[in-house]
Amino acid sequence: MSLFRDLKRIYRDGGKLVWRNPFVSFASVLVISLSLFLISFVLVFYGVLDTSLAKIEQRVDVKFYLLPDTPEPEMNKFISQLKTMDGVEKVQVVSKEDALENFLKRYNEDQLIRRSIDELGENPLGPSVSVRAKDPQLYKKIIEEVRKVIVPDFPYIDHVNYQDNAYIIQRLNLFSSIARKVSYVLIAFFSALAVFIVLIFMSIVIYSAKTEIWVKRLIGAENRYISGPFAVAGIIYGIISSVVVMAIFLPTISRVGKLTETFFGPTNPANYVHSNIIPLSIFILSVGVMLGYLASMLVVRRYLRK
């Protein structure tokens, strides 16, 4: 019963710290809200960029164009070998018939090509096998392994489009690596900046109550009774800031999503936020509470050492 009474007193005193000085509380909420807003914006940017890069990576593949007279058993063996290779995520086959149908659809309005196909009287195209790697950096390794292990026993490969896509794959790898590193740096920078700013301002908040802290120490109050109310006040600041950020962030990001839709496509910030609203809200709330709590505890501890 004593523990419940002590907790009740700590929460009550923490609430008094929040409501006793509206200006200080407003400023604290404002600082934490700005910090949360910056961190959330960078996090959403990273999420959208990462999702967009993942979709681009899924569109990049390597195609093995086979000769028209490739025996089906040999082709099936070739496909099985590709599927067992390390780093291969997916193998897709386009038959001769599907290749011809896609070709005619692509050049539907070119009468010369259609007449040429009709005059041949047969399908001049061969099947193709497309390979998608788990990571774009693995394509070169897969091609080298195919050339060393499979090609000597499989003389039916007419052409491989790796050289055609090598530049795209190389640039994608470079851009993906740089973009992710920049996102990590920005998240770390804004997180550190947020903690620094909140610490400075919470120092001002707690400095205004230094007399109260000294009085409690003089009458022999335990540290938990001194620091507890400030921790509660910090948590309350964090909760209020999180609610404010979520109320402002969603309309803002929806507006940004419309402006960036032509660049990001369907994976724009607004769609990303709406599809991840629950984990994002939990993240904002958790970071807000953590910022308020840690800043309060770190600052008040300095006064308890004196």
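The values are calculated or read from the model by the stated rules, or taken from the named source; none is laboratory data. In this text, all values refer to a predicted model and were calculated from it rather than measured experimentally. Cβ placement follows ideal geometry from the backbone for every residue including glycine, while neighbour counts extend to all protein chains displayed.
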Which listed residue, of SER80, SER28, is touching a residue at least 60 places away in the same chain (Cβ under 8 Å) and of a type in the set (Gly, Ala, Ser): SER28
Test: residue in the stretch 291-302 that is in a helix (DSSP H, G or I), at pLDDT 80 or above, in contact with a Leu (Cβ under 7 Å, 6 or more places away or on another chain) and not aliphatic (A, V, I, L, M): no
Selection count where residues are assigned to a helix (DSSP H, G or I) and either of a type outside the set (Gly, Ala, Ser) or touching a residue at least 60 places away in the same chain (Cβ under 8 Å) (or both), scope the stretch 116-162: 23
Condition met for GLY234 (of a type in the set (Gly, Ala, Ser), surrounded by 13 or more Cβ atoms within 10 Å (Cβ to Cβ) and modelled with pLDDT of 70 or more): yes
Residue match in the stretch 99-113 (condition: surrounded by 11 or more Cβ atoms within 10 Å (Cβ to Cβ), touching a residue at least 24 places away in the same chain (Cβ under 8 Å) and not aromatic (Phe, Trp, Tyr)): yes
Considering residues of the stretch 38-51 that are closer than 30 Å to ASN161 by Cα and hydrophobic (A, V, I, L, M, F, W, C) only, the residue surrounded by the most Cβ atoms within 10 Å (Cβ to Cβ): VAL48
Hits in the stretch 8-25 - residues which are in a helix (DSSP H, G or I), in contact (Cβ under 8 Å) with a residue 24 or more places away in the chain and not charged (D, E, K, R): ILE10, TYR11, GLY14, GLY15, LEU17, VAL18, VAL24, SER25
Some residue of the stretch 65-80 being surrounded by 14 or more Cβ atoms within 10 Å (Cβ to Cβ), in contact with a strand residue (DSSP E or B) (Cβ under 7 Å, 6 or more places away or on another chain) and hydroxyl-bearing (Ser, Thr, Tyr): yes
Those residues of the stretch 126-139 which are over 16 Å from THR84 (Cα atoms) and modelled with pLDDT of 80 or more, in sequence order: GLY126, PRO127, SER128
Which numbered condition ASP61 fails, given (1) at pLDDT 80 or above; (2) closer than 24 Å to ASP98 by Cα: (1)
Residues of the stretch 81-108 classified as closer than 27 Å to PRO152 by Cα and not in a helix (DSSP H, G or I), total: 12
Only listed residue being assigned to a helix (DSSP H, G or I), in the same structural domain as THR252 (by TED's automatic domain parsing) and among the aromatic types (Phe, Trp, Tyr), chosen from PHE41, PHE78: PHE41
Residues located in the stretch 31-65, provided they are closer than 30 Å to ILE157 by Cα and touching a residue at least 40 places away in the same chain (Cβ under 8 Å): LYS55, ILE56, GLU57, GLN58, VAL60, ASP61, VAL62, LYS63, PHE64, TYR65
Residue count, the stretch 84-109 (criterion: modelled with pLDDT of 80 or more and hydroxyl-bearing (Ser, Thr, Tyr)): 2
Filter pass, ALA54 being exposed (fewer than 13 other Cβ atoms within 10 Å of the Cβ) and of a type in the set (A, V, I, L, M): yes
Condition check for ALA54: in contact with a Pro (Cβ under 8 Å, 6 or more places away or on another chain), at pLDDT below 85, in a helix (DSSP H, G or I) and of a type in the set (Gly, Ala, Ser): no
